[in-house]
Amino acid sequence: MSRDQSSERRTGRALLAEIAAIVGGDGVVFRETELKTYECDGWTMERSTPEILVMPRTATQVSGVLKALYRRGIAFVARGAGTGLSGGALPVGAPVMVCTSRMNRILAIDPANRRIDVQSGVVNLHVTNAVKSRGFFYAPDPSSQVACTIGGNIAENSGGPHTLKYGVTTNHVLGLELVLPDGEIVQLGGAAEERCGYDLVGAVVGAEGTAGVVTRATLGLLREPESRRTILAAFPDADSATRAVSAIIASGVIPGAIEMMDRLIIRAVEDAFHVGLPTDAGAVLIVEFDGYAAGLDERAGAAVEIARQHGATDSRLARSEAERALLWKARKRAFGAVGRLAPNYVTQDGVVPRTHLPKILREISAVSERYGLAIGNVFHAGDGNIHPIILYDERDPGQVQRALDAGREILRACVAMGGSLTGEHGIGAEKMGEMPLLFSPDDLLVMAELRHVFDPDERANPNKVIPKPGACVEVAAPRRQVPV
Amino acid sequence: MEQPGGSPPHPARDVADYELLFDCVHCGLCLEACPTYKVTRAEMDSPRGRVYLMKALAEGRAELDDDAARHFDLCLGCRGCETACPSGVRYGRLIEDTRAFVEANYRRSRGERMVRRALGMIFPYPRRLRAMLAPLRLAERLRMRGLIRLALSGRPREWIELLPPLAATPIARKSAARAEALDPDAPAVVVHHGCVTQVLANSENENSERILAAAGYRVTRLRGTVCCGALDLHSGNLKRARKFARENVRQIMQSGADALVSAASGCSTAIAEYGELLKDDPELAGPARALSAKVRELSGLVLERGAPKFREMRCTVTYHDACHLVHGLGVREAPRTLLKSIPGLRLIEMPESDMCCGSAGSYNLTEPAMARQLARRKAERILATKAQYVVLANPGCEFQIAAELRRRGSRAKVVHLADFLAMALAD
């Protein structure tokens, strides 16, 4: 053994002992087989095993651990439930993983001020479950809401079907407790609904873990709508369905959500869940209106009429809460249902201005043909947030590369249409290389400077989000070539 | 870091059906449906983590070391993840195959080996189990069971605590109804008496028959009951599981029954999987498939012919979903519908009613620490409902939950669905 190695081991052991003293023996994982299960999140195209996994229960413990890492100059990556789809929790040059799954306590419910205080490892759906009986709900509802954590939602600024009306995570986070990469605990924002000064909460939400580790959040709650109308409309093709989307929004009625599924997805979902979707349709829209019961029928009726004018062959209203729940269950589990069609798939996440939806969908089907890979579409049509699902088989290296290339080509098309690289999944490890499509080197530099305010040494989730001009190729080389 | 599009994975070891492992898309929707993940909140104790380990093992990227074996052992096999999984991962099948792989390739400590061997030698054979329990039964008659419990410590004491009263007459224990069904063309149903059930909870078998007869079915009986093989399936002994399966297929097909039920939901799902288990059997593959298709569940069958007349029972009940009933056979509503049809009964739902209580076959004997944590969680949910009865349809859950409620001094009664319905039958 060389001297280097042995001193490295000594440092490793000393660090392990220090971390174990902070979080307890059962809060540290360092053996290979156990760590292996942490080598990727929902983005499975790349994997990398952390060297040490820490599972703290409190902000004080997180602070202690980050202080220990700060003294040694060691980088770290935070992880919640590992459901992210852009590799946000993939360790890239970050030996230590801080997992917030045990920080899952709901700290305080304050119905009078319509807010809730939670630890960052609380599962998204558990927030709504905790306040449902009082007539409230937490609006952001990503498809993974049964498992994903508030901390992960904050990192990725997650959305969900109801983003159309209610906005994304950043619109619902009032305050944060953040442990900076040097271990200092800071409070950002607060309980007040209006704030002054620079919006630091806004800078941390969507920073994808590059500002430190969020340990607690004060979230805003909304009144559960008095009533809902959920429409399922079948169209002969995706083109007519997406034109109807633009027309519905343009008419001035604002639905809570408009979701689209194309033929491939409809069939996968129907095979899996038997919800009674029309399997002969080219596309379906799920349009939901919520709010006061008065006037809801008129708005739903208007949407049905617009759908009909745009070629809908059939529109029906969910007749009961059970039917509505089934429809949403099918929609939210559509990604998984696709797993039945191919050994692997990768979900892309891009945004186009709503009126460009027909165009981008035509482009996606052209890409599908060019690359010889099936692509299904299930997405938040109301806000132009597309999710092409590219099917492939990881046992064929050619297919893996084609799936990656096809995804990138779709993203380029989104940007060319005036759109964006991500609606809600984040940039992560996946799309760092595409950032220059959207941002100039100056833009990226400013972003990096903002990040340095929180993380001057770039030890919090390093090698993510912002490609470094010049150094970028080098950083990404072990993974893939990133042209900048 | 491994590159995308690098060397393609290939199966190096036969851990489980390699193709089936690809059904998992690593989405994580199963996490919160997994009892062990709920407790440890660690990926390797989640279904996704276990499937990932199976795949890594199969591809030779991980070794079957103490950690790998430990995390597979810790799986309850409750199949709650199957209900949550959007991609249709056949987790139950995968974990059973993996357990067989572990048994064949991993050497446990001597103590563990002895415990497992003893369970396998005693439980499937009612006579042996009766003989083992005879001294305890005697002690109980002499009102000395408490003393025995105090004299023991560690695992044996925990095991004794789990056992139901052996000498007392269970509620609603009545002679097996041989009442002829009114309709000679009514479908014939056979109740598989199960190996442990007939020793520790035979009233559940007899009352199942009684309810079925009252609902208008012809009830037929097997000449003798052979263990269904569930215990072996869940502990990686596929060879003996197949042997038991073959005996059962022959015997049950001979009985001419149109449907089969079992008071133990684990037995029901095991028999429902015979088709898969014996698919390569030259002689019995077809009959095994046919038998698997006949597996039903008590309340569903009863509802099909219209619920019998129940007397009024003014009481509060909470219903616990036995794992293999709800996640294996997909039975959720029927028992509740039947219970709610009893006049005066108020059903109070507990949260997480479909989360495993930790019993899981012989799991509470081999993994007492985790089992106990889950029992506590279940007991808390039950006590919060303040219900007078906990009704469930699996003797294992009954013993596990009753033991935990006894420890807490609760007066809630834990009753098997068959016993409860028999109690409610109008005479």
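Could you please let me know if B:Val414 is free of Cβ contacts under 8 Å to residues at least 60 places away in the same chain, buried (at least 21 other Cβ atoms within 10 Å of the Cβ) and in a strand (DSSP E or B)? Taking the combined requirement at face value, the residue satisfies it. Would you mind stating whether B:Gly88 is without any contact (Cβ under 8 Å) to a residue 24 or more places away in the chain, closer than 23 Å to B:Ser353 by Cα and within 11 Å of chain A (Cβ to nearest Cβ)? Spelling it out, it is not the case that B:Gly88 is without any contact (Cβ under 8 Å) to a residue 24 or more places away in the chain, closer than 23 Å to B:Ser353 by Cα and within 11 Å of chain A (Cβ to nearest Cβ). Tell me which residues, restricted to region A:79-133, are within 10 Å of chain B (Cβ to nearest Cβ) and over 16 Å from the mean Cα position of the chain (by Cα). Selection gives A:Pro91, A:Val92, A:Gly93, A:Cys99, A:Thr100, A:Ser101, A:Arg102, A:Met103, A:Asn104, A:His126, A:Asn129. Screening the candidates A:Leu373, A:Leu327 for the property of being more than 14 Å from chain B (Cβ to nearest Cβ) and either surrounded by 15 or more Cβ atoms within 10 Å (Cβ to Cβ) or under 15 Å from A:Arg243 (Cα atoms) (or both) yields one hit, A:Leu327.
Of everything listed in (1) at pLDDT 95 or above; (2) surrounded by fewer than 20 Cβ atoms within 10 Å (Cβ to Cβ); (3) closer than 18 Å to A:Arg228 by Cα, the single unmet condition for A:Val287 is (2). Contact annotation: residue pairs with Cβ atoms under 6 Å, 6 or more positions apart or on different chains, pairing a residue in region A:87-112 that is within 13 Å of A:Asn461 (Cβ to Cβ) and buried (at least 21 other Cβ atoms within 10 Å of the Cβ) with a partner that is at pLDDT below 95 and among the aliphatic types (A, V, I, L, M), are A:Gly87/A:Ala429; A:Leu90/A:Ala429; A:Val92/A:Ala429. All of A:Glu194, A:Glu177 fail the test of being at negative phi, of a type in the set (Asp, Glu) and touching a residue at least 40 places away in the same chain (Cβ under 8 Å), apart from A:Glu177. The number of residues in region A:332-353 that are surrounded by 23 or more Cβ atoms within 10 Å (Cβ to Cβ), of a type outside the set (Gly, Ala, Ser) and away from chain B (no Cβ under 11 Å) comes to 4.
Please tell me if A:Ile74 is over 26 Å from the mean Cα position of the chain (by Cα), more than 14 Å from chain B (Cβ to nearest Cβ) and assigned to a loop (DSSP other than H, G, I, E, B). Working first, answer last.
Numbers: over 26 Å from the mean Cα position of the chain (by Cα): yes; more than 14 Å from chain B (Cβ to nearest Cβ): yes; assigned to a loop (DSSP other than H, G, I, E, B): yes.
Yes.
When the residues of region A:25-68 are narrowed to those that are assigned to a helix (DSSP H, G or I), touching a helix residue (DSSP H, G or I) at 6+ places or on another chain (Cβ under 6 Å) and more than 8 Å from chain B (Cβ to nearest Cβ), which ends up nearest to B:Asp65 (Cα to Cα)? Walk me through it before giving the result.
Kept after step one, since they are assigned to a helix (DSSP H, G or I), are these residues of region A:25-68: A:25-27, A:32-36, A:59-68.
Then keep just the ones that are touching a helix residue (DSSP H, G or I) at 6+ places or on another chain (Cβ under 6 Å); that gives A:33-34, A:36, A:61, A:64-65, A:68.
After this cut, where a residue has to be more than 8 Å from chain B (Cβ to nearest Cβ) as well, the list is A:61, A:64-65, A:68.
Details: A:Gln61: 30, A:Gly64: 32, A:Val65: 29, A:Ala68: 30 Å.
Only one residue tops the list, namely A:Val65.
What do you reckon, is B:Val199 in a strand (DSSP E or B) and touching a residue at least 60 places away in the same chain (Cβ under 8 Å)? No, not satisfied.
For A:Arg57, the conditions (1) in contact (Cβ under 8 Å) with a residue 40 or more places away in the chain; (2) more than 20 Å from B:Val39 (Cα to Cα); (3) of a type in the set (Lys, Arg) all hold with the exception of (2). For region B:33-49, a residue qualifies if it is surrounded by 24 or more Cβ atoms within 10 Å (Cβ to Cβ) and at the interface with another protein chain (Cβ under 7 Å from one of its Cβ atoms), and the qualifying residues are B:Glu43, B:Met44, B:Gly49.
The values are calculated or read from the model by the stated rules, or taken from the named source; none is laboratory data. Please read these numbers as outputs of a predicted model, since none were measured by experiment. Every residue, glycine as well, gets a Cβ built from its backbone with ideal geometry; the counts of neighbours run over all protein chains shown.
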